[in-house]
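Visitor: I'd like to ask some things about the structure below.
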Amino acid sequence: MPDTNPPERGPFLEIHRDGLAVITFDDPTRGANVLTEGVLRELDRLVGELAARARAGDVRGVAVRSGKVGSFIVGADVEAIGRIEDPDQGAEAGRQGQRIYLALERLPVPTVAVINGTCMGGGTELALACRYRILTDHPKAGLALPEVQLGILPGWGGTTRLPRLIGLRSALDLLLTGKTVRGQRARKLGLVEEVVPQTVLDERPESVFRRILFDHPPDHTGARRSFLQRALEDTAPGRAVILREARKTVMEKTGGHYPAPLRILEVVRDSMGRSVEESMEIEAVALGELLASRVSKHLLHVFHLRERARKSTGLEAETGPTGVQPREVSELGVVGAGVMGGGIAQLAAEKGIQVRMKDIQHEAVASGLRHARSLFDRSVSRHRMREPEARQAMERISGGVDYGGFGQLDLVVEAVVERLDVKQTVLREVEDRVPDSCILATNTSTLSVDAMAEALSRPQNFCGMHFFNPVHKMPLVEVIRGEATSHVTLATVVALTLRLGKVPVVVRNGPGFVVNRILGPYLNEAGHLLAEGASIEAIDEAATAFGMPMGPLRLMDEVGIDIARKAGQILHEAFGDRMLPSAPLEALGATERLGVKGGGGFYRYDGRKALGPDPELYGSVDGAVPTTRREIPEADIRARLLLMMINEAARILDEGIVASAAELDLAMIMGTGFPPFRGGLLRFADEVHPRVLVERLREYQAEVGPRFAPAEPLVRLAREDLTFYASWPVPS
Ligand code: NAD
């Protein structure tokens, strides 16, 4: 019998008679192995023991593995990361992990990490400290260093070891993006020595470990690099070129708002040609700085918001347990095979759901199918899917102009034209043809879900499921809970949203729901600024300098100026004067200048590529856009755009449209690309503080107009010295 010493939470060590030692991570208290302080302490002790026993000759090789299927080690404890406020404390946390991994690396016997599933952050760094790495062909098996996404860097030796193992260029690609590398790609990169079938590992793990460690050690570690690669990576001028290019890409992608990727580049540069110990010290100091930074705290906050949404049942706002289970959706109907319907059908088919598409026109069905096909083709060409998988997925979609097959559907998404009467008729027709238990969801972006429910005889089975355009790219789905929507309907639609890989945010019915209602006054303010003489670029640059992915005018071109105008009119009808459409938007929305889809809007386009602001816009539409430009300070433009959003957000929370400030922030980040490094619209607002916001709003109210009147709930926060997050916490 092997000699065993299992502690309570793992990792634990087994030593076989022939000198094979196996460290197994398998924490029974968690679904995935996390490198908590306790786990690291135990690992430290085990490595010390292994060193002594290796010297004594009774350990000849060490395998490190996980006892969890599909999961190796997911990294350090994010809770602990969040508690670090001081750079020195952060650097020390780096040194502590580095010391343990260095001891592992220096064991006088060979070591192998056996990666059978998700391997991230500190897990990948542990693997890098082993002499060999093998990966199984389990679909979840892959390595990543996603620290950059949390605003930090791999500080347990990862930033030091990775470039030394796989070369500078490949290492930067992983360090700067946090992407996961799997299978043969990992082998080709030199990140792992072998890819073994999971079944072999399940059946005779020890024989695999013995082969690698004792009998046939892999003959090389690291990447096989071409002559050209080596010429570039192994010379100082070549490395300088690579680093310069990488920095340029980072600046283009992040606008310099994210310190972590820039710091990673500096660390890699400064540690070149130095010893591992020196390099790791540089790494630890940088880790400490980043851990204590505000941006990292904001990104961690967003990470928690996403994690919470990932586990959402849709029923968090209920008091007490509901005992409700979501229904299984294996057959989905999509009515309306246009831009949105086609996208929804494609996504569902990709996730293994049978889809029946229905439209009133044959041509629309054909075009919906073509759209789905082109998205699958793109996935294949980008190696996200294999051709047979794409073909199978495509075969899951059928379409027609009748309701054939609707008698067995579990859920139907309606995505026909945005007209209440049409939608009511269509929903009634669908309701008559589907089983009583079938759930109906509308993809409306502006209409009242409750008004639609009035047409139905089973309104409890109905809710909104608001996808954003383009469906395959935009991560958010607003799940709209109507007055009559039942718990099981809500839970099923939330579960489906998650299965489709999207982020659900549950909202109440109300014009524009959350995202479009906040975007409305923001876009409209851009129109007002244009009318006052600000230039297109001044307006958009103020927004992008703040971190928005594109400016409001460029966004309107994407959405379609006609569509933005229509949404603006609906909000105006609902909320009155404060949403009165600005003259330029009202006038332009009625012209042929539709935005990207019409070949021109605020910008000129070559296909989908923006060529720059269109100078012909000035003085057009009967002077609604003035000819003469007037300089409006960037700070004012930015403040006006943001204040409009925050003021509306206060009203939305007060009306109970969304339950918490955190969910509103998540919706804006996922639905509009509101910059994650700011932590969210209301987290930003709380940092500025409601008192200051109210003062600023009053100034603009006096200077610009009554639409800036501070919302009553915001005034209340200011008066009571409260924040958004404290006043609208997440329901527990
Ligand atoms: P679209 O015009 O591309 O498609 C609508 C489709 O519905 C057309 O193919 C039309 O033939 C079909 N249709 C019309 N009447 C029908 C009927 N009685 N039965 C079956 N099919 C019928 O429109 P779209 O952009 O896909 O929008 C669809 C819905 O999604 C709208 O409610 C819209 O507000 C919403 N939405 C659109 C976007 C967007 O950006 N396009 C974003 C979010 C939500």
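The values are calculated or read from the model by the stated rules, or taken from the named source; none is laboratory data. Quick caveat, the model's predicted, so the values are computed rather than measured. Positions of Cβ are generated from backbone atoms using ideal geometry, with glycine treated the same way; all protein chains shown enter the neighbour counts. Accessible surface is based on the protein model in full, side chains and every heavy atom, while ligands, DNA and RNA are left aside. Shrake-Rupley method; radii C 1.70, N 1.55, O 1.52, S 1.80 Å.
Visitor: Over all directions, average the projected area of the Cα convex hull of the stretch 433-536 and note it in nm².
Guide: Mean orientational projected area (the stretch 433-536, Cα hull): 8.0 nm².
Visitor: Report the charge-dipole magnitude of the stretch 331-508 in Debye, nearest 20, computed about the Cα centre from +1 at each Lys and Arg Cβ and -1 at each Asp and Glu Cβ.
Guide: 760 debye
Visitor: Share of antiparallel DSSP beta bridges in the chain, in percent to the nearest 5?
Guide: Around 30 percent antiparallel, to the nearest 5.
Visitor: Order 307-318, 449-460, 674-685, 379-390 from most to least packed using the mean count of other Cβ atoms within 10 Å.
Guide: My ranking of the peptides, most packed first, is 674-685, 449-460, 307-318, 379-390.
Visitor: Once the piece of chain linking Val704 and His689 is laid out straight, how much longer is it, given 0.36 nm per residue of separation minus the C-alpha distance between them?
Guide: Taking Val704 through His689 to full extension adds about 3.2 nm, to one decimal.
Visitor: Here is a follow-up. What is the calculated FRET efficiency for Arg244 to Lys179, with r their C-beta to C-beta distance and R₀ = 25 Å, to the nearest 0.05?
Guide: Given R0 = 25 Å and the Cβ-Cβ separation, E is 0.70.
Visitor: Next up: Please compute the Cα-Cα pair-distance distribution of the stretch 331-508 with 5 Å bins starting at 0, giving whole percents from short to long.
Guide: Bin by bin from 0 Å, the calculated values are 1, 9, 19, 23, 22, 15, 7, 3, 1, 0.
Visitor: Assign unit charges at the C-beta atoms only (+1 for Lys and Arg, -1 for Asp and Glu), then state the dipole size of the chain relative to its Cα centre in Debye, rounded to the nearest 20.
Guide: Magnitude of the dipole: close to 2000 debye.
Visitor: Ignoring ligands, DNA and RNA, what accessible area per residue does the stretch 331-508 give at 1.4 Å, in Å²?
Guide: Here the residues of the stretch 331-508 average 40 Å² of exposed surface.
Visitor: Relative contact order for the chain: what is it in percent, counting Cα pairs under 8 Å that are at least 6 residues apart?
Guide: Answer for the chain is 9 percent.
Visitor: Right, here's the next one. Can you tell me the relative contact order of the stretch 551-648? Whole percent, Cα pairs under 8 Å, sequence separation 6 or more.
Guide: Across the stretch 551-648, relative contact order equals 21 percent.
Visitor: Of the trypsin sites (Lys or Arg not before Pro) in the stretch 105-208, which ones lie in a loop per DSSP and count no more than 11 other C-beta atoms within 10 Å?
Guide: Answer by residue number: Arg106.
Visitor: Output ³J(HN,Hα) for the stretch 91-102: one whole-Hz value per residue in order, computed from phi by the Karplus curve 6.51 cos²θ - 1.76 cosθ + 1.60 with θ = phi - 60°, and x for Gly and Pro.
Guide: Along the stretch 91-102, the couplings run 4, 5, 4, x, 4, 4, x, 4, 4, 5, 5, 5 Hz.
Visitor: Also, quick follow-up: Where in the stretch 467-506 are there trypsin sites (Lys or Arg not before Pro) that are in a DSSP coil and have at most 15 other Cβ atoms within 10 angstrom of their Cβ?
Guide: Answer in residue order: Lys473.
Visitor: Rounding to the nearest 10 and keeping the result within 0 to 90°, find how far the Cα-based axis of helix 420-433 lies from the longest principal axis of the chain.
Guide: Taking the Cα atoms of the chain, the angle to 420-433 is about 60 degrees.
Visitor: Additional query: For the chain, with the dipole built from +1 on Lys and Arg beta-carbon atoms and -1 on Asp and Glu ones, taken about the Cα centre, which of Thr254, Phe209, Phe468 lies farthest toward the positive end?
Guide: Comparing the listed Cα positions along the dipole, Phe209 ranks first.
Visitor: On to the next question. At 25 °C and a viscosity of 0.890 mPa s, what translational diffusion coefficient does Stokes-Einstein give for the stretch 3-292, taking Rh as the Kirkwood radius over Cα pairs? Give it in µm²/s as a whole number.
Guide: 128 µm²/s
Visitor: What number comes out for accessible area per residue over the stretch 3-292 if the probe is 1.4 Å? Units Å², please.
Guide: 43 Å²
Visitor: Enumerate the whole-percent occupancy of each 20 Å bin, from 0 to the last occupied one, for all C-alpha pair distances of the chain.
Guide: 15, 43, 34, 8, 0
Visitor: In the stretch 555-641, what GluC sites (Glu not before Pro) fall in a loop by DSSP, with at most 16 other Cβ atoms inside 10 Å?
Guide: Answer in residue order: Glu592, Glu631.
Visitor: Counting only protein heavy atoms, what percent of the accessible surface of the stretch 3-292 is carbon or sulfur at a 1.4 Å probe?
Guide: Carbon and sulfur together cover 51 percent of it.
Visitor: Nearest 500 deg cm²/dmol is fine: what mean residue ellipticity at 222 nm does the chain get from its DSSP H runs of n ≥ 4 alone, each adding -39,500 (n - 2.57), divided by its residue count?
Guide: -15000 deg cm²/dmol
Visitor: May I ask for the angle, rounded to the nearest 10°, between helix 168-177 and the longest principal axis of the chain, with both axes built from Cα atoms and the value confined to 0 to 90°?
Guide: Once rounded, one gets 50 degrees.
Visitor: Let me ask something else about it. Can you compute the modelled spin-label distance between Leu262 and Thr591, with each label point 7 Å from Cα toward Cβ, in nm?
Guide: Modelled inter-label distance: 3.9 nm.
Visitor: Please work out the FRET efficiency for the pair Gln408 and Arg370, using the Cβ-Cβ distance as r and a Förster radius of 25 Å; give the result to the nearest 0.05.
Guide: 0.45
Visitor: In addition: Please list the non-local residues whose amide H lies under 5 Å from the amide H of Ile439, H modeled 1.01 Å from N, same-chain partners needing a gap of 5 or more.
Guide: Answer set, sorted by chain and number: Leu411, Val412.
Visitor: Quick one: helix 487-499 against the long Cα principal axis of the chain, what's the angle to the nearest 10°, folded into 0 to 90?
Guide: Here the helix axis deviates by roughly 60 degrees.
Visitor: Of Ile360, Gln408, Gly338, which is farthest on the positive side of the dipole of the stretch 331-508, counting Cα position, with +1 on Lys and Arg Cβ, -1 on Asp and Glu Cβ, and the Cα centre as origin?
Guide: The residue sitting most towards the positive pole is Gly338.
Visitor: Hey, another quick one. Tell me the label-point distance for the pair Thr628, Glu307, using the 7 Å Cα-to-Cβ offset, in nm and rounded to one decimal.
Guide: In this crude spin-label approximation the distance works out to 5.7 nm.
Visitor: I've got another one for you. Using the crude model of +1 on Lys and Arg Cβ and -1 on Asp and Glu Cβ, and no other charge, please compute the dipole size for the stretch 3-292 relative to its Cα centre, in debye to 20.
Guide: Charge dipole, the stretch 3-292, about its Cα centre: 1080 debye, nearest 20.
Visitor: Another question, if that's okay. Hey, what does the equivalent ellipsoid look like for the stretch 66-132, semi-axes from the Cα gyration tensor as sqrt of 5 times each eigenvalue, largest first, whole Å?
Guide: Equivalent-ellipsoid dimensions as semi-axes: 24, 18, 6 Å.
Visitor: Once you have the Cα-Cα distance between Ala451 and Met550, take 0.36 nm times their residue separation minus that, and quote the gain in nm to one decimal.
Guide: 32.2 nm
Visitor: Please name which of Ala54, Leu722, Asn516 has its Cα lying farthest along the dipole of the chain towards the positive end, using unit charges on Cβ (Lys, Arg +1; Asp, Glu -1) and the Cα centre as origin.
Guide: Ranked along the dipole, the leading option is Ala54.
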